[in-house]
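Reviewing the structure listed below.
Bear in mind these aren't lab numbers, they're just calculated from the coordinates by the rules spelled out. Just so it is clear, the model here is predicted, and its values are computed rather than measured. In this analysis, Cβ positions are derived from the backbone assuming ideal geometry, glycine residues included, and neighbour counts consider all displayed protein chains.
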Amino acid sequence: MDNNQFRIGAKVEHPKFGVGIITNTTLTSYTVFFINKGEKDIAASFEGLELISPSNVTDEGGSNAGISLTDLEKVFANVLRRYADFPEIVELGDRWKKGIMILKPGDSNLKPKEIPVETFFHKIVLLRDRLRVLEQRINSNKVLTDEEKVDLQQYITRCYGSLTTFNVLFKHKQQYFSGEKGQTE
């Protein structure tokens, strides 16, 4: 087996996992993304991995007409974000870790409710993921007219706007909710 052909971007076939693309290599293993099985580490010494097509990925700034590693990473990230059921990894802001939300009723005879901030944050992120799936389903719907799609998209954008209060919980600003005013497209 010519290990020089097993580089990032090469298309391979595994007897158990099927067809995949090599996304990382080390001296002893290949990381392969399989469409139906996700990411798997395969030992470089494994004889059952078959090369289907070699990589045309170049190093950064390579003069060859192939795809750059940065371009490949962007494509993979975009495909996973759009079509896979892999939720985006969203981190809670450091100051909120191990924190507790206390919901105190106006009636002093009633007990307050304590909720771990991590639990509440997880629910907010799930809501955002489900809104994104709803957007995808609206965009791919063959029955809705373009006008109906735009109306529903605007409604979803307003929902995102209503959720901007919770941006304080996010660690990274690029993962914040944004409504109509935050749209830059």
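Residues to consider are 158, 130, 137; find the one that is in a helix (DSSP H, G or I) and closer than 18 Å to residue 90 by Cβ.
Numbers: 158 fails: closer than 18 Å to residue 90 by Cβ; 137 fails: closer than 18 Å to residue 90 by Cβ.
None of the other options fit; the residue is 130.
Keeping to the stretch 155-170, report how many residues are touching a residue at least 12 places away in the same chain (Cβ under 8 Å) and surrounded by 14 or more Cβ atoms within 10 Å (Cβ to Cβ).
10
Please specify each residue of the stretch 26-40 satisfying the condition of being surrounded by 12 or more Cβ atoms within 10 Å (Cβ to Cβ) and closer than 18 Å to residue 76 by Cβ. Outline the logic, then answer.
Initially, the stretch 26-40 is screened for residues surrounded by 12 or more Cβ atoms within 10 Å (Cβ to Cβ), giving 29-35, 37-40.
Matches in the stretch 26-40: 30, 31, 32, 33, 34, 35, 37, 38, 39, 40.
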